[in-house]
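As structure tokens, the structure follows; a few thoughts come after it.
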Amino acid sequence: MCGIVGYLGEKDAEKIIIEGLKKLEYRGYDSAGLACKIGDSVKILKCKGRLSNLEELFEKDPSSAPIAIGHTRWATHGEPSDVNSHPHFNSSKKIAVVHNGIIENYHSIKTELIQKGVKFVSETDTEVIPHLIDSFYDGDLLAAVQKAVRLLRGSFAIAVISADSDEIVAARKESPLVIGVGDGDYYVASDVLAALSYTKRFYYPENGDVIRISKKNGIEIFDASGNAVVREEKYVNISADAATKCGYDHFMLKEINEQPDACANTILRYCYDNNISLDLKNIKDLSRYNKIYIVACGTAYHAGLIGKIAIEKYFKIPVTVDIASEFRYYSPFVDDRSIVILISQSGETADTLAALRNSKEAGAYVLSITNVVGSTVARESDDVITTIAGPEIAVASTKAFTTQVVALFLVALYFGRISGNISDSQFDECMDELEKIPEKVREVLKNTDIIKQEAMHIKDYDQLFYIGRGCDRVIGMEGALKLKEISYIYTEAFPAGEMKHGPIALIQKDTPAIAIITQKDLAEKTISNIKELKARGAYVIAIASEITEELEKTVDKIIPVPEAFGILVAVPAILPCQLLAYYASIFRGNDVDKPRNLAKSVTVE
Ligand code: F6R
């Protein structure tokens, strides 16, 4: 995690760094800092806590520098503290470094440097980098960085400045890094969002690249062997507004409300004339594949569990869904007859990336579903489906989930059609139903009063249960993740029929439980399970599209959601869960967009 930014040009570099860091706070927010070049020295301002603390420091000690680098941190080595904040200096305080990633061999490098007399001040892995660069430095910063990064194991995106030169040297391995080209000025960042207000022209350096940026020579890129290389400049068509709240109180609320458009745009991207085109250029004849793995983390994993139902139905091939951090260490049957579908909003999640590489090594065809064009997962996959959700900034994922479900539904239909397992009339019906989804999401958004009321009710409880069957069970799992991560209410989701095998022991008078009921054929069964909870005193809210008299008699409250076709019902039905979590979090006084201990992009194992 962590976000890095750099600027070189005529503008006020520190202000640009602070503005850029604001856009990257989703990557970590336990401390922040910047380093700028002033005359022949480098000045560092850094402190523990939110970026506003750094802004206060800057206001007390402003300067106007042409070159600066900055960092917003999610602690990995060493607690959040002033001294562990980035940037880090070498001993003479002439070389400053910001870093995103983890240096796995920092301990051995540190031991060696200490033996040579270097004194360390922080507990971070990062601090070895400026000292290592210093040990190679003879006036040529680029050469010193090149030598230093060759010794680093792990993941890193770094930006380095030195008191002796007017340049920024950056490097990347595994962690994301983009270089923006402005009007005679240059930007370095973990994500284009940090520089989108100034430019839409970006380079995406490859693994191992080292980049030198200077007024004199502009951008020079060198590959891992030190050869000068040319990387393609890309135009990023995202509005700078995408990274602002546009009048909403929180990014999460904005992103929840963007879901009708996000789903519509994802459908429009791949569907035309009642057909689907996924542009899968590298897949072989479908008949050669005998199994599919869907691999992801967190919310994306839940989307995968829902996608499995549709893919098995339409493509008629067994699908295993696994969590990337497990799959990367145990996936013995992946081979060249496997399709591995990776789902990742950010496209940078370390475990998902490792799963991708293992799968490729095992000969599988790797298809990724990501929301970030040019992300590492996107670049390394055989083919990519991009969800058109726009940047997701709030830590709790919302629009990424619904667009991932849409994308998986498209994959299921596409494979179903090509393999001849789905008839034309079935296909047409699915396409018609898919088109209605954005409107159904809008419908849920029009009626949020009852959701707010129920959020007010549950906010005072310390535990809560979701129950459901089939697709409803997975909607509950995602609802539970949302609630625990932003409201901090301990929430677990159970298959409705499983409660009586143990978890029902936790139900007492007024224990809140939420039942999801969208599957006609399973509704009665779930209602029986609700009765078992009611008999033990539970307060039961139903999120339901199947509203029968029996249900009305049984539960305490019903939050209605529109009926929808097959797995697509997960799209409107997740909205009340997202909003319940949002409002419960607000009512408990939490920081919705930046929940404790979390960061948006998990680029460490
Ligand atoms: C939960 C959430 C996380 C992510 C997970 C995977 O709201 O956001 O569970 O879904 O960290 O992230 P990506 O999709 O970027 O790989």
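Overview of results
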read-out	value
Net charge over other residues, Cβ less than 10 angstrom from the Cβ of S368 (K, R count +1; D, E count -1)	-2
Computed over the range 295-335, the ratio Rg/Rh where both radii use C-alpha atoms and Rh is Kirkwood	1.00
Cα Rg over Rh - the range 449-587, Kirkwood	0.92
When each of K254/K594; K254/K281; K173/K234; K43/K147; K119/K173; K281/K360 is checked by Cα-Cα distance, pairs over 23 Å	K254/K281; K43/K147; K119/K173
For T320, residues with placed amide H under 5 Å, excluding near neighbours	I292, Y293, I294
Taking all pairs of distinct alpha-carbon atoms in the range 208-346, Kirkwood radius in angstrom	19.5
Cα coordinate range in the range 251-445, projected on the principal axes (Å, largest first)	45, 40, 24
Cα-based Kirkwood hydrodynamic radius, the range 82-162, one decimal, Å	12.4
Per-peptide average of other Cβ atoms within 10 Å, ordering 593-602, 290-299 highest first	290-299, 593-602
With every protein chain in place, the chain: carbon and sulfur % of accessible area (1.4 Å)	48
Two-decimal Rg/Rh across the chain, once Rg and the Kirkwood Rh are taken from alpha-carbon atoms	1.00
Potential lengthening between F120 and K234 on full extension [0.36 nm per residue; Cα-Cα distance subtracted]	37.0 nm
Inter-probe distance in nm under a simple model that places probes 7 Å from Cα toward Cβ, at Q463 and K360	4.4
For peptides 387-395, 54-62, 468-476, sequence by mean Cβ density within 10 Å, most packed first	468-476, 387-395, 54-62
Reachable lysines from K308, criterion Cα separation under 20 angstrom, eight or more residues apart if same chain	K291, K316, K399, K520
Tail fraction, Cα-Cα pairs, the range 3-243, threshold 28 Å, whole percent	22
J(HN,Hα) series, the range 107-117, from Karplus relation 6.51 cos²θ - 1.76 cosθ + 1.60, nearest Hz, glycine and proline x	5, 5, 5, 4, 4, 5, 5, 4, 4, 8, x
Sequence-distant residues sharing a close amide H with L342 (under 5 Å, placed H)	V295, L367, S368, I369
Spin-label model distance (nm) - T244 vs K215, 7 Å beyond Cα toward Cβ	3.0
Residue-by-residue Karplus 3J(HN,Hα) for the range 514-530, coefficients 6.51, -1.76, 1.60, Hz, glycine and proline x	10, 9, 9, 9, 10, 9, 3, 5, 10, 4, 4, 4, 5, 4, 4, 5, 4
Karplus-derived 3J(HN,Hα), 6.51/-1.76/1.60, for each residue of the range 22-33, Hz, glycine and proline x	4, 6, 9, 4, 4, 7, x, 7, 9, 6, 8, x
Summed residue charge, Cβ within 15 Å of I219's Cβ, Lys/Arg positive, Asp/Glu negative	-3
Residue pairs, from the table K500/K534; K284/K313; K22/K93; K525/K553, whose Cα atoms sit over 18 Å apart	K284/K313; K22/K93
Cut-off 15 Å, label 7 Å out along Cα→Cβ of N282, residues of the range 134-159 by amide N	none
Which of D351, D273 is most accessible, then next, and so on - probe 1.4 Å	D273, D351
Heavy-atom accessible area per residue - the chain, 1.4 Å, Å²	38
Amide hydrogen neighbours beyond the local backbone of G154, cut-off 5 Å, H modeled	E104
Added length on full extension, which subtracts the Cα-Cα distance from 0.36 nm per residue, F333 to N597	91.5 nm
Which listed pairs, of K509/K557; K459/K482; K436/K459; K37/K600, have C-alpha distances above 22 Å, in listed order	K436/K459; K37/K600
Separation of alpha-carbon centers, the range 325-396 and the range 273-305, rounded to whole Å	11
By average C-beta atoms within 10 angstrom, highest first, the peptides 260-267, 276-283	260-267, 276-283
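The values are calculated or read from the model by the stated rules, or taken from the named source; none is laboratory data. Not measured: the values here are computed from a predicted model. FYI the Cβ positions are ideal-geometry reconstructions off the backbone, even for glycines, and counts take in every protein chain you see. Please note that ligands, DNA and RNA were not included when accessible areas were found on the heavy atoms of the full protein model with its side chains. Shrake-Rupley method; radii C 1.70, N 1.55, O 1.52, S 1.80 Å.
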